[in-house]
Each structure stands twice: as C-alpha cells, then as structure tokens.
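Shown next, in structure tokens, is the structure this report addresses.
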Amino acid sequence: MFWILRVILRPILWHKYRLSFDKKTSKGIKRNCFILMNHQASFDQFAMGLGFPFGINIVATDSIFRHGFLSWLMVKLTRPIPYSKGSGDPAAVKTMLGIIKDGGSVCLFPEGNRSMFGDGGRIVPGIGKLAKKFDVPVILCRLKGAYLTKPRWKIKPNRGKVTNEVVRIIQPEELQSLTADEVQEIIKKEIYQNDFEFNKVAKIKFKGKAKAENLESILFYCPKCKALDSLQSKKHDLFCKECAMHVIVNEEGFFEKAGASEEKDSFYMPESVPEWGKLQLEHLKTMNFSEYSDKYLFSDDNVVLTKVEKTRKQKGEMRGKIELFSNRFTVCGKDFFFKDIGSMSLVEVRKLNVFTNEGSYTVDCELKMNLAKYMFFAYHLKSLEKGEECNFYGY
C-alpha cells in the first residue's frame, strides 16, 4: 500500500506544488538514519518522504489523527509517531529509539511548528542531545520555496517551484566528537531557510489567485498608523481600515506600496512577511498593558472551545467570544491565565492549541480572524510576569 500510494502521490505533488527532491543529494543513504528538515508548509512530510527509497517514520503532533481521510492518508504514507506538544512526551522518544535500534528511520522537524512568517523558527531544545543518543547518521534536509507556495494564510496554493535536498550528513563518528550543543548549532544552521531571502536571488514567480487573501490572519499591526487588528485583505491587496495604508503582494511574494505617489513615500513599509512579522512583535514589546487587567485589549466573536481528552478524541464544545487581558485570555467564559499555560501552537491559522496544567484545549475560529495575536500577546505577557525577555519562538 505504501509504495502504491507513493507512486500515485508523486505526480500529484508535482502538478499541484511543482515539488521535486534532488535525488543526487540522497544517493547512498541507508535506511537506519535520523532525518531532520525545516518545516515550511502542510506538505513537508510528503516532500521529505518521496526523496528516499525506503519507509520513514515521521514524528507528528497527535492532532493529525483528527482529520478523517487526510489522517488516514498520512498514516499510510508517513507512518507517524504521535507526539503531544504540551507534555514533552517521553513515550514518543522511546518509540523513536526503538525504531532506530530495530534498523528503521525516523524523521523529525526540529523547528517544532510550521514557519509562521516564512523564515526559520527556533530549534527545539535537546535535538542535538537526541541525535547523539541515536548514534546513527543524521541526515539534514532543506526545503526551499514551500512557504511561498503554500503560506499559512492561503487556502489555495501558488504555483512556483519547491525543491528539497540533503544539505549535510553527520556520521556517527563525527557525532561522538561533538558536544550536544555543537550538534544543535549545526542542525540550526544547515536547515535554516528564509524563503524571501532565497527568492531575492532565485526570483521565482509564484503565481496564484488572491495572493494576499487572509493575510490579516497572521498580521495584526499597521506600520503606518500603528493600529492593531485593523488590516483587511482582498485578492492581491492588503489595506488598513484606520488609515490609507495599501500594499500589493507581487508574484515573487514581496509587498509593493500602492496608491498616490506622495502617500507611498509617507511611511516605512516592510518588504516581506518576515519583516512585517518582526516589526509587529517589536511594537508589541513597547506597549503598556497596565490598564487591561479588567478590560480587554481586543476580542473576537464566534469561536469554538474544545477540550482534547485523548489523541483522537475531543470532548465538549462551547461557542462564544475570545478576549485578551493583561494576565489571561478568556474563551467562551473560561479563563486561561498565562502562568498556567505551558505552550501553544497554531494549526494553519484557524486553530489554536493551548496546553495548560489541567489539560489541552483547542480554539477554532472563522476565516480571516487572527488567532495568532492571542498567542503572541500571551507569550509576551507571560514573559513579562516572569521578568524575562520573550523571543516569541514558542510557536
């Protein structure tokens, strides 16, 4: 079944995403290995799996088992090892070690979550130590063009070019000569990919309909008037409802100012999504939240709160609004105090996973609603409570 589906899937991925794997770079790699790759798009696991002539077990968040046919397809093709992000999940590590000892191969995405803005995220702590423990060849892969093909906010993909290649192999002898921190740094350097910096040189045209549609689901700050939650998209255009800010997303993925020439020169505009994302997070750090302990900073209606009981089961749904305060956000009347939140992750842009002391929850929203701002504000405000600097790469 695995090989039949793989033969069928390869032309589909080429037709839909222009996805290819540079097989020359994986030549001679044997099955017993540990594969690590950057995480840019929803099809990353297929981009990796089609590049090797053997079956690979992929470590994946346990939420993938709750999507019906898609979950079935992923189980057949990528043989996932379920991992609970909020718990550390020693059982998943034990399963990985067992597969490696039995001569199998395991793939893991060290960034933990898909890239939010198209640049590389943090590397999950302990990956270097895990690689040394496995004591098999570490295969480092880098995927290019995947974010510009299927950004988080877009429903339909663009058509450009996606390539994957093996960029480095760390043999067991070299692993043993390095410290865990040194291995961690090598992994971070080799798999790092900023699709926008890459395309400044490659200049690939990523053609598609509505290239800016739903961008307001990850961007929440206007660089011209500094308003929050004021952005609105339509086709290739992004506007601010509070001022005259207007930009267009071009075929290479970059922003271009629109409107009258005098208006174009009146404010600084980021040229890419990563630059805009960094700008809005830096602005967040300058804000004063002292007046928002009893009144909310912003809110959204029509969200659904669900408690996740087990890997494949969800229990109870509540519908209502989400509100952000200086020490918590409230969803459908339930308070989530930042001090009690272990971690959060955003699935695509419409589902926020929240892992707390009392269990795991998901918050689902409507199209175009921005759940990312709740996650970023929560990480920042949690860090303020602890007197620490927030780097926002918990997502």
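A few remarks follow.
- Scanning the stretch 104-115 for residues that are more than 26 Å from residue 349 (Cβ to Cβ) and part of a loop (DSSP other than H, G, I, E, B) yields 104, 105.
- The sole residue among 336, 376, 329, 325 that is open to solvent by less than 50 Å² (accessible area, probe 1.4 Å), within 14 Å of residue 307 (Cα to Cα) and of a type outside the set (Ser, Thr, Tyr) is 336.
- Listed by position, the strands (runs of 3 or more DSSP E) contained in the stretch 1-83 that have at least 1 residues being at pLDDT 85 or above and open to solvent by 20 Å² or more (accessible area, probe 1.4 Å) are 19-21, 57-61.
- Inter-residue pairs, beta-carbon under 6 Å, first assigned to a loop (DSSP other than H, G, I, E, B) and in the stretch 88-103, second surrounded by 13 or more Cβ atoms within 10 Å (Cβ to Cβ), 6+ apart: 89/83; 103/32
- Extreme residue, surrounded by the fewest Cβ atoms within 10 Å (Cβ to Cβ), among residues of the stretch 116-171 that are in a strand (DSSP E or B), aliphatic (A, V, I, L, M) and touching a helix residue (DSSP H, G or I) at 6+ places or on another chain (Cβ under 6 Å): 167
- Within the stretch 289-301, residues that are of a type in the set (D, E, K, R) have Cβ atoms under 6 Å from residues that are part of a loop (DSSP other than H, G, I, E, B) in these pairs: 300/369, counting only partners at least 6 apart in sequence or on another chain.
- For the stretch 352-373, filtered to residues that are among the charged types (D, E, K, R) and open to solvent by 40 Å² or more (accessible area, probe 1.4 Å), the residue that is farthest from residue 277 (Cα to Cα) is 358.
- Any hit, the stretch 236-248, residues being touching a residue at least 40 places away in the same chain (Cβ under 8 Å), assigned to a loop (DSSP other than H, G, I, E, B) and out of contact with any helix residue (DSSP H, G or I) (no Cβ under 6 Å at 6 or more places or on another chain): no
- Qualifying position, being surrounded by 17 or more Cβ atoms within 10 Å (Cβ to Cβ) and of a type in the set (Asp, Glu), among 216, 242, 256, 271: 216
- For residue 391: the one exception among (1) buried (at least 19 other Cβ atoms within 10 Å of the Cβ); (2) in a loop (DSSP other than H, G, I, E, B): (1)
- Residues that are modelled with pLDDT under 95, outside any strand (DSSP E or B) and in contact with a Cys (Cβ under 7 Å, 6 or more places away or on another chain) are absent from the stretch 205-222.
The values are calculated or read from the model by the stated rules, or taken from the named source; none is laboratory data. Since the model is a prediction, treat every value here as computed from it, not as a measurement. No Cβ is skipped: glycine too gets one built from the backbone with ideal geometry, and neighbour counts run over all protein chains shown. Side chains are part of the model used for accessible areas, which takes the heavy atoms of the whole protein and leaves out ligands, DNA and RNA. Shrake-Rupley method; radii C 1.70, N 1.55, O 1.52, S 1.80 Å.
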